[in-house]
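This is the structure I want to talk about, given as structure tokens.
The values are calculated or read from the model by the stated rules, or taken from the named source; none is laboratory data. Bear in mind the structure is a predicted one, so any value in this text is a computation, not a measurement. When we count neighbours, we look across all protein chains shown, and the Cβ atoms used for this are built from the backbone with ideal geometry, even at glycine. All accessible areas refer to the heavy atoms of the entire protein, side chains included, with ligands and DNA or RNA removed. Shrake-Rupley method; radii C 1.70, N 1.55, O 1.52, S 1.80 Å.
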Protein chains: 2
Amino acid sequence: MSDPLTQLKERLTKSTDLERIGRVLSWDHQTMMPPAGSGHRAEHLATLRRISHELLTDDETGRLLDELRPLEESLDADSDDGALIRLVRRDFEKAVRVPAELRAEMTRAGAHARPIWVKARAESSFEQFLPALERNVELRHEYVACFDNVAEPYDILLDDFEPHTTTAEVREIFAELKAELIPLIAELRNDDVDDSFLQGTFPIDRQESLAKEVVSLFGYRPDTWRLDPTEHPFASGAGVDDIRITTHYDPGSIKSLFSTMHEYGHGLYTHQLPRHLERLPTGGPCSLGIHESQSRLWENLVGRSRPFWRFFYSRAQEAFPERLRAVELDAFLAGINRVRPSLIRIRADEVTYGMHIVLRFELEQDIINGRVDLSDLPEVWNERMSEYLGVDVPDDAQGVLQDTHWASGLIGYFATYLLGTVMSVQIWQKALEDLPTVEEQIERGEFASLRKWLGEHVHRHGKKFSPQETLRRATGTTLDPKPYVAYLRTKYGAGVAA
Amino acid sequence: MSDPLTQLKERLTKSTDLERIGRVLSWDHQTMMPPAGSGHRAEHLATLRRISHELLTDDETGRLLDELRPLEESLDADSDDGALIRLVRRDFEKAVRVPAELRAEMTRAGAHARPIWVKARAESSFEQFLPALERNVELRHEYVACFDNVAEPYDILLDDFEPHTTTAEVREIFAELKAELIPLIAELRNDDVDDSFLQGTFPIDRQESLAKEVVSLFGYRPDTWRLDPTEHPFASGAGVDDIRITTHYDPGSIKSLFSTMHEYGHGLYTHQLPRHLERLPTGGPCSLGIHESQSRLWENLVGRSRPFWRFFYSRAQEAFPERLRAVELDAFLAGINRVRPSLIRIRADEVTYGMHIVLRFELEQDIINGRVDLSDLPEVWNERMSEYLGVDVPDDAQGVLQDTHWASGLIGYFATYLLGTVMSVQIWQKALEDLPTVEEQIERGEFASLRKWLGEHVHRHGKKFSPQETLRRATGTTLDPKPYVAYLRTKYGAGVAA
């Protein structure tokens, strides 16, 4: 019989493999699967999750963790094994409280609600979606009720997406952001900027080759990566050597370029996760917030920057001469960085984006704490959109029904988008400090030292530490919205074209 | 606690799901995966297999099977539950004898040997391949040694691919075939037939659309099926509603058309397996022989027949006017049915194909029984090719190294190709009896009643019965090479063009 740590690792290798396999199946689901296969797929994913959950919550896991307590205490907290035992103990203690049947029903109800939401959104009918949403919320209440000594119920949900992060902490950061962003939006909005050249005809084959060209420049390599078209862009893959990103090509706009850069950032993160921990939970991504910091960094800090476009703009003009030949670089930069409050989160600019998240974060707490009746959600949504962004919501499709998260039962997820955005600026500024010539390199189309820096300072920690600790190791600081606000003020205050 | 049958089914649903997931991963491996992903993929497939094996061989499975003995005896042998318990008992009794580590090592050694074989074949160097082959054979000896009371060692290997079928039975059938085929080949070979129009330039895009047209005619539907290009054609998928076939397009030949029809036959079989047994072992395919009977039926009995080409030839001429415009239907039929002994199994015509299999079947027994030294294989191979088919093997790449099976450790597999071919004719003749107008339907491009007949008489049994019993239920007869030989004699003896 092998030692308890080896036995624990054997179990974890299995459950990690099953989780990675699930990611390939999800990718396949959204890119390749014949539509009729969705019935099998739901069952197969549920089976993978059930086996994983059983491997984690089995009495034997508990027994091994008990046996490993002295070893854990003797190990350096930085060590791979110390971090592993600590992470698994936390996951185990959370998972054993949740009955397998509740876990399965949460997955099932989300899968059931998703097509209902698709139809409800298409018909802009919140009423159609309401019963499915009620079921999802009810199950989250049951889930929260599995835990004792909870400061606030929403903490339990948030922790599933951003571990070690409390509602109170996020509330404080978001309150600070809100106080800054509302006046900043009023100050920086520039409705007069002409961005009409970003609409028109952008043939998909040329978008596709330009997107490939950008990510190849960034560091996409065809022996390790894939890029495929999908309805909703995402990043997935089977492990560090099998990275799959997707993008959506709209023939009437070039926004696919920015969403491809975004997914590249996610992809690079998973590509540079610690290879020697590949088949253990510590080898996975740290949190959704850290994940998002990487995608936003490549999309915004690199992809909407002057240095990058000084290098790349001529290529975009060559690809779309009909639209861009007559547009100067300054005008193009102003266009892709235009600030204007709008209805849809995923199309929001860098300055207004935060308020979309603050709204959802507040609303989710109201939902979970029973401060808002679900049937009143559209009304409340529309009021706050008017208050925070000054826009009138014409219908539910462009309002409360726009995002898929609540349909899948993902409550507690949205905050990570803004946490990641905030962290992306903290990480970027540390990278600029450590690599003083990185912007000149980007202007020459060189990204290797940025990739390497991110790998060494962020990616290599995998899930060994909490998001805050990971951020601290990368930047020397903890979550702080000030650099983000200062960045917005500097970039947009001077006028992007300056 | 649920009853033992329900508990058994829960375990089996898991292992069946894992097996189906493995099929999607294998498909992905060969069609979509970035090449660097093969490391992860090997580990992930091994994990799926390990968990499946553990679920099957667990003491708990044995206990449930013991408890279920009285129920099994009380159930009708035809019943779904009776068939399930019988099948699982047999699988369990075989699997528990094999240590998990040996099972894993067999998989690992096969995965290790495959790239060695690819290189050895490319360089036509049997010597390079020999150590890997020796390891595979050694492991098969260890595997066979796990069983007692074995009439012949080769039985154990054959049974993994064609259950309930002994070496002695196959030897008898093949001896009869051999005695018929050798003179028949001499009699029917028609080297003078002109088939030069089958070589030349066949643009891949047109091959692709013609292949899609053929299988759409047969019954391929895009909501349930996929057709993708690969190096080596195969059929796979996640279940009855997710069928994936692949084909290889050679720009210099139209043989992709026949391999696509072949894979369609495999795909239709899995598409029409019993839906209500979908997530149990009894809902899988019966055996490789039965599987092959379905692919050969569509490829040869339908796809190389006069009725089909009376309907479809004008379409092929439209697709490839440069090559086929001037070729009459009779000449085309003679060309695609030309009989000529040749070196490569997968390119062999219907008449000579059998001898390629007889040779491999005999050689595998010699290997397992130690009657041939592995280092002498090329020599023995070449002698027998000369004896059986009258051809001189110029090099190992076109000889003993041509097939991938032994590299992957698949010894005992080849026989199923010829068993399936023999059964395809038995099944076809029964279909013709039951559906007297089926050839007229095919001449009108109608395949629905043939599909339905195959579904009702062959596919719907899944793996409930042995291959022989499945054949008996479909045709009223058991394995018999006579109809196959008579078919060859009739089709080719009269001259195909007649």
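Search the stretch B:208-225 for residues that are closer than 16 Å to B:Asp242 by Cβ and pair each with any residue that is open to solvent by 60 Å² or more (accessible area, probe 1.4 Å) and in a helix (DSSP H, G or I) when their beta-carbon atoms are under 6 Å apart and the residues are at least 6 apart or on different chains.
Here the result reads B:Asp223/A:Pro35, each pair linking the stretch B:208-225 to a residue that is open to solvent by 60 Å² or more (accessible area, probe 1.4 Å) and in a helix (DSSP H, G or I).
Return the only residue of A:Ala111, A:Ala104, A:Ala151 being closer than 25 Å to A:Tyr417 by Cα, of a type in the set (A, V, I, L, M, F, W, C), open to solvent by 10 Å² or more (accessible area, probe 1.4 Å) and in contact (Cβ under 8 Å) with a residue 24 or more places away in the chain.
The unique qualifying residue is A:Ala111.
OK, next. Can you find a residue that is closer than 22 Å to A:Leu217 by Cβ and either β-branched (Val, Ile, Thr) or not in a helix (DSSP H, G or I) (or both) anywhere in the stretch A:465-475?
No, the conditions are met nowhere in the stretch A:465-475.
Is it the case, given these coordinates, that A:Leu418 is open to solvent by less than 10 Å² (accessible area, probe 1.4 Å) and farther than 20 Å from A:Asp80 by Cβ?
For A:Leu418, the condition - open to solvent by less than 10 Å² (accessible area, probe 1.4 Å) and farther than 20 Å from A:Asp80 by Cβ - is met.
Output the number of the condition that A:Asn300 fails; it satisfies all remaining conditions of (1) open to solvent by 10 Å² or more (accessible area, probe 1.4 Å); (2) under 24 Å from A:Val485 (Cα atoms).
For A:Asn300, the failing item is (1).
Checking A:Val391 against (1) farther than 20 Å from A:Gly265 by Cα; (2) open to solvent by 30 Å² or more (accessible area, probe 1.4 Å): exactly one of these is not met. Which one?
Of everything listed in (1) farther than 20 Å from A:Gly265 by Cα; (2) open to solvent by 30 Å² or more (accessible area, probe 1.4 Å), A:Val391 misses just condition (2).
Here is a further query. Among the residues of the stretch A:7-34, write down those that are among the acidic types (Asp, Glu) and open to solvent by 20 Å² or more (accessible area, probe 1.4 Å).
Across the stretch A:7-34, the qualifying residues are A:Glu10, A:Glu19.
While we're looking at this one, here's another question. Tell me, yes or no, whether the stretch A:160-167 has at least one residue that is under 16 Å from A:Glu364 (Cβ atoms), without any contact (Cβ under 8 Å) to a residue 24 or more places away in the chain and surrounded by 18 or more Cβ atoms within 10 Å (Cβ to Cβ).
No, the stretch A:160-167 contains no residue that is under 16 Å from A:Glu364 (Cβ atoms), without any contact (Cβ under 8 Å) to a residue 24 or more places away in the chain and surrounded by 18 or more Cβ atoms within 10 Å (Cβ to Cβ).
Conditions first: (1) away from every other protein chain (no Cβ under 14 Å); (2) surrounded by fewer than 17 Cβ atoms within 10 Å (Cβ to Cβ); (3) of a type in the set (Asp, Glu). A:Glu180 passes all but one, so which condition is the exception?
(2)
In the stretch A:187-220, which residues are closer than 30 Å to A:Ala486 by Cβ and in contact with a strand residue (DSSP E or B) (Cβ under 7 Å, 6 or more places away or on another chain)?
Once the filter is applied, which keeps residues that are closer than 30 Å to A:Ala486 by Cβ and in contact with a strand residue (DSSP E or B) (Cβ under 7 Å, 6 or more places away or on another chain), the stretch A:187-220 yields A:Leu198, A:Val215.
Moving on to the next point. Is it the case, given these coordinates, that B:Asp191 is of a type in the set (Asp, Glu), open to solvent by less than 70 Å² (accessible area, probe 1.4 Å) and under 23 Å from the mean Cα position of the chain (by Cα)?
Answer is no for this residue.
Sticking with this structure for a sec: (1) more than 30 Å from A:Ser449 (Cα to Cα); (2) over 24 Å from the mean Cα position of the chain (by Cα); (3) assigned to a helix (DSSP H, G or I): which one isn't true of A:Ser209, the others all being true?
(1)
Let me ask another. Pick out the one residue from A:Leu71, A:Leu64 that is of a type in the set (A, V, I, L, M, F, W, C) and either open to solvent by 50 Å² or more (accessible area, probe 1.4 Å) or without any contact (Cβ under 8 Å) to a residue 12 or more places away in the chain (or both).
Checking each option against the conditions leaves just A:Leu71.
To continue, here is another question. Could you tell me which of the residues B:Thr224, B:Thr246, B:Thr230 is within 14 Å of another protein chain (Cβ to nearest Cβ), more than 28 Å from B:Arg340 (Cβ to Cβ) and polar (S, T, N, Q)?
Checking each option against the conditions leaves just B:Thr224.
Moving on. Give the stretch B:374-397 a look and list any residue that's closer than 21 Å to B:Arg189 by Cα and part of a helix (DSSP H, G or I), or say none.
B:Asn382, B:Glu383, B:Arg384, B:Met385, B:Ser386, B:Glu387, B:Tyr388, B:Leu389
Looking at (1) of a type in the set (Ser, Thr, Tyr); (2) under 30 Å from B:Ser15 (Cβ atoms); (3) away from chain A (no Cβ under 13 Å), which is the only condition B:Thr260 fails?
(2)
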